[in-house]
Amino acid sequence: VGFQKILTLTYVDKLIDDVHKEFRDKYRNEFQQKGALGLLNGTFDFKDDFMRLLRDAEESSKVRAPTVMKTFEQSLKSQKTVKCMIETRGEKPKEKVKNKKNKGSKKDGTEAVAAPSKASAGDKQLSAAGEKEELTKDEILQKNREEFFRRHMKAGEKSRSPKPDAQKEKGKKPRVWDLGNSNAKVLDYSNSATNGSAEACPVEEFDPDMALGDKNREPGRLYDLEYESDDEAEEEKVVQNPSKPSVKKGGLGGMFGMLKGLVGSKSLTRGDMDPVLEKMKDHLIAKNVAAEIAVQLCESVAKKLEGKVMGTFTTVTSTVKQALQEALVQILQPQRRVDVLRDVMDAQRHRRPYVITFCGVNGVGKSTNLAKISFWLIENGFSVLIAACDTFRAGAVEQLRTHTRRLNALHPPESHGGRTMVQLYEKGYGKDAAGIAMEAISYARNQGFDVVLVDTAGRMQDNAPLMTALAKLIAVNAPDLVLFVGEALVGNEAVDQLVKFNKALADHSMAQTPRLIDGIVLTKFDTIDDKVGAAISMTYITSKPIVFVGTGQTYCDLRSLNAKAVVAALMKA
């Protein structure tokens, strides 16, 4: 029970994991065939395997012998003489000449077999070097200058010679990008037939492996977010009350003092928890949790634990840490869970499209993650209509058009009984976004589309006119799901964005019960390592679930939130 404090065995955690995996792999078939009753009645001969794993763990934990440093005689420096280390100004040109002679001799030695004609050239160089040694310093400098100018003149003539050939090819050549299309006509959208209509975009040819990423994935499945924690358990320090006299170290006093710290014999007080909670608060802020929310979390944990009697073999640090982990998991698992596929099938039964609206600040990845969600819906057999309601940002419609072409290339109509699985509804730029969304929903209802994804323009939470336009779009079209797209890189800004977006939707809505944000899409999760505090901040302030997590640049880089994985990354030291 207390091996981590009493026994200094570094391999125990690894041994337990190895025993678990070995036992599972050895008796996997027996578990699957006999079930629970077979486990109770069966006998398992595992002693030899356990002893083998124990020996391997003990051998791997042995300390390696330190590497022995080389002696001076074994180093390369001992082979150098004192004479070669002395440098004088007068001898510098001679030394360079000697080095040239050595290099020339080495080249002659290696190339003598392959090219005997080069030996005569080497002899000429040696004779020229010998003449240089007999000259004075001024003559040597003058000769070196002449050789330098002669070489550069020859190099200039060589570089000038190919110019007449190069002049024949006049005009600029267009640059060909690796992931783009070399055909200029395909890239010209000035007279596009799809502008102002909802026709299907032409199919684009490109490498599907680069767009999909993982080849071994299961089509249509939304995988959970994964995080690999360290194997070694973190050592927990016993927090001692500074007002009490310290326990004497050494002998029986140290052992009894350690056991006194482990055995829970008193109830927790605020004074015992304050040092631990202060460290936990700083740790949460360092992991991108908003400072205000980190303080509130620590306060709630302190109120929950105050007066609680500690269990046996537990410390103040472990008790507080366990309570904080439970609170964080509870925050990331709100009461209302959004199941998009179930809601889409329910809308199908009522013969209407399921409408999702995306909103958020500039540059967080709304259009990119809209394309990922489109791909996920198509793989689950639903047809998608993308409404290009970002009529402000230059290139927004073209970006969605490119995604539409690529999605149609990955899922051509031939694979779905001649049905086009994704289309783009757009009316150009400078138009009313709410009107375009209404027309797109009506078009989807008439054409039998299953889902409508409404892309809106990015806007800052302090811009009142744009927030009023967003509230109008949501109030007029009444989407089934309003998703706020936020990036995982933000800290305190996440709280400000969500609070002001919800406040603006409530203030500018014309309905008595205003429509607020229903869920969150957390993007750029692959750029933050273990600084996952933005997920805590967003769910704590809104009590809304994180529906999707964006983890990369391909269409398959979409995950569902795994609360335990996020908390494990958050609590990592």
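The values are calculated or read from the model by the stated rules, or taken from the named source; none is laboratory data. Everything numeric here is computed off the predicted structure, so don't read it as measured data. Please note: Cβ atoms are built from the backbone with ideal geometry, for glycine as well, and neighbour counts cover all protein chains shown. Quick note on the areas: whole protein, heavy atoms, side chains included, nothing else; ligands and nucleic acids left out. Shrake-Rupley method; radii C 1.70, N 1.55, O 1.52, S 1.80 Å.
Just a few scattered comments:
- FRET efficiency, 1/(1 + (r/R0)^6) with R0 45 Å, evaluated for Lys303 and Tyr27 via beta carbons: 0.45
- Compared with the direct C-alpha span, the chain from Leu76 to Asp224 gains 47.7 nm at full extension, assuming 0.36 nm per residue.
- Cα gyration tensor shape for the range 267-332, rounded if a/c is under 1.5, else prolate or oblate: prolate
- Flagged links, alpha-carbon separation over 28 Å, of Lys14/Lys321; Lys62/Lys564; Lys321/Lys500; Lys173/Lys427; Lys304/Lys572: Lys62/Lys564; Lys321/Lys500; Lys173/Lys427
- Distant-in-sequence amide contacts of Glu487, defined by a placed amide H-H separation under 5 Å and a gap of 5 or more residues or a different chain, comprise Thr523.
- DSSP-defined beta bridges in the range 340-571 - what % are antiparallel, rounded to 5: 5
- Rolling a 1.4 Å probe across all protein chains gives Asp18 an accessible area of roughly 50 Å².
- Of the listed residues Tyr223, Tyr429, the order by accessible area with a 1.4 Å probe, largest first, is Tyr429, Tyr223.
- Between the C-alpha center of the range 429-455 and that of the range 272-330 there is a gap of 48 Å.
- Counting only protein chain heavy atoms and rolling a 1.4 Å probe, the accessible areas of Arg55, Arg459 rank, largest first, as Arg55, Arg459.
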